[in-house]
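Read through the structure below, which is laid out as structure tokens, and then see the notes.
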Amino acid sequence: MKKAVLFIAVLVMLNGAAGMSTLGAQETGPTAVISNHYAARNFTSGAVTQGELDRILTAGLRAPSASNRQPWYFTVVRNHALANQIVPNMPDGNILIIISASGDGKTNVREILDCGLATQSIYLAAQALGLGSRIYTGPMDTINRRFKTDLGFPNGYGAVALVRIGRVQPDVDAVSAASFRKSLDSTVNYR
Ligand SMILES: Cc1cc2nc3c(=O)[nH]c(=O)nc-3n(C[C@H](O)[C@H](O)[C@H](O)COP(=O)(O)O)c2cc1C
């Protein structure tokens, strides 16, 4: 117990020293999802419905892209055995949406930026529907080396990022979701 209190006290001190802050009170206004989102940690089992997926994927399609090129391709991995080889130890019902584009996923900078925006739209749309979501780039090398054929990417496409989506209990998950964020003071200037 004493250790926990000490740990929190140190965190608070470091937080102040580095000009950082925890996420504030939950916003309820029109930008609520953009302001309140967090990377889910404690996914629970339970299916993501096709209706939810359709809305999430449509939000991805709606993302802006340079010259409206829309370079992305979305692969929905519902097969649990395959998904678990990419992100281990997922509860039943979690799905992955892999965002790929023409190129190797490392040097195709223009496609990567556009795909990043589609990734964020998918991530936010899931949370707007009350689901949990988390972006991953860690498994990209493994995907691009081992799973491109199994995943059915178009020829010459490489994975850029994936979004894991599943059910969460927000009250439980949010307890561990108070990541620090830099402060406005340390991040913004005006001229
Ligand atoms: C481009 C990108 C790549 C990420 N890759 C991973 C990953 O490979 N594994 C992982 O557990 N989380 C990954 N994350 C999640 C971040 O760790 C998380 O968004 C960040 O720590 C902020 O967490 P919070 O929103 O809960 O505060 C990634 C996030 C982004 C935006």
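Return the pair list, or none, for Cβ contacts closer than 8 Å from residues in segment 126-143 that are at positive phi and assigned to a helix (DSSP H, G or I) to residues that are more than 11 Å from the ligand (Cβ to nearest atom) and of a type outside the set (S, T, N, Q), at least 6 apart or on different chains.
Hits for this filter: zero, empty list.
Can you pull out every residue in segment 39-61 that is surrounded by fewer than 16 Cβ atoms within 10 Å (Cβ to Cβ) and away from the ligand (no atom under 16 Å from the Cβ)?
Answer for segment 39-61, where residues must be surrounded by fewer than 16 Cβ atoms within 10 Å (Cβ to Cβ) and away from the ligand (no atom under 16 Å from the Cβ): S45, G46, A47, T49, Q50, G51, D54, R55, T58, L61.
Can you find a residue in segment 100-110 that is free of Cβ contacts under 8 Å to residues at least 24 places away in the same chain and either over 17 Å from G46 (Cβ atoms) or in contact with a helix residue (DSSP H, G or I) (Cβ under 6 Å, 6 or more places away or on another chain) (or both)?
Checking segment 100-110: at least one residue is free of Cβ contacts under 8 Å to residues at least 24 places away in the same chain and either over 17 Å from G46 (Cβ atoms) or in contact with a helix residue (DSSP H, G or I) (Cβ under 6 Å, 6 or more places away or on another chain) (or both).
Could you tell me whether any residue of segment 54-65 is within 14 Å of L131 (Cα to Cα) and among the β-branched types (V, I, T)?
Yes.
Return the residues of segment 62-78 that are over 19 Å from D141 (Cα atoms) and surrounded by 13 or more Cβ atoms within 10 Å (Cβ to Cβ); say none if nothing qualifies.
A63, S65, Q70, P71, R78
Quick one: I122 ticks every box in (1) free of Cβ contacts under 8 Å to residues at least 40 places away in the same chain; (2) crowded, with 24+ Cβ neighbours inside 10 Å except a single one, so which number is it?
(1)
As an exercise: evaluate K148 against (1) charged (D, E, K, R); (2) over 24 Å from D92 (Cβ atoms); (3) touching a strand residue (DSSP E or B) at 6+ places or on another chain (Cβ under 6 Å) and give the number of the one condition it does not meet.
(3)
Output the residues belonging to segment 79-90 that are surrounded by 14 or more Cβ atoms within 10 Å (Cβ to Cβ) and either touching a residue at least 60 places away in the same chain (Cβ under 8 Å) or among the basic types (K, R) (or both).
Q85, I86, V87, M90, listed by residue number.
For the condition closer than 24 Å to E52 by Cβ, out of contact with any strand residue (DSSP E or B) (no Cβ under 7 Å at 6 or more places or on another chain) and surrounded by fewer than 17 Cβ atoms within 10 Å (Cβ to Cβ), what is the one hit in G130, G138?
Working: G138 fails: closer than 24 Å to E52 by Cβ.
Sole residue among the options that is closer than 24 Å to E52 by Cβ, out of contact with any strand residue (DSSP E or B) (no Cβ under 7 Å at 6 or more places or on another chain) and surrounded by fewer than 17 Cβ atoms within 10 Å (Cβ to Cβ): G130.
Mind checking which residues of segment 154-191 are of a type in the set (G, A, S), more than 9 Å from the ligand (Cβ to nearest atom), within 29 Å of V76 (Cβ to Cβ) and not in a loop (DSSP other than H, G, I, E, B)?
Scanning segment 154-191 gives G158, A159, G166, A174.
Tally up the residues in segment 31-63 that are within 18 Å of L117 (Cα to Cα) and in contact with a helix residue (DSSP H, G or I) (Cβ under 6 Å, 6 or more places away or on another chain), please.
So the answer is 6.
Taken together, the values in this text are just the output of simple stated rules run on the coordinates, not laboratory data. In this text the structure is predicted, and so the values were computed from the model without any measurement. Methodologically, a virtual Cβ is constructed for each residue, glycine included, from the backbone with ideal geometry; neighbour enumeration extends over all protein chains shown.
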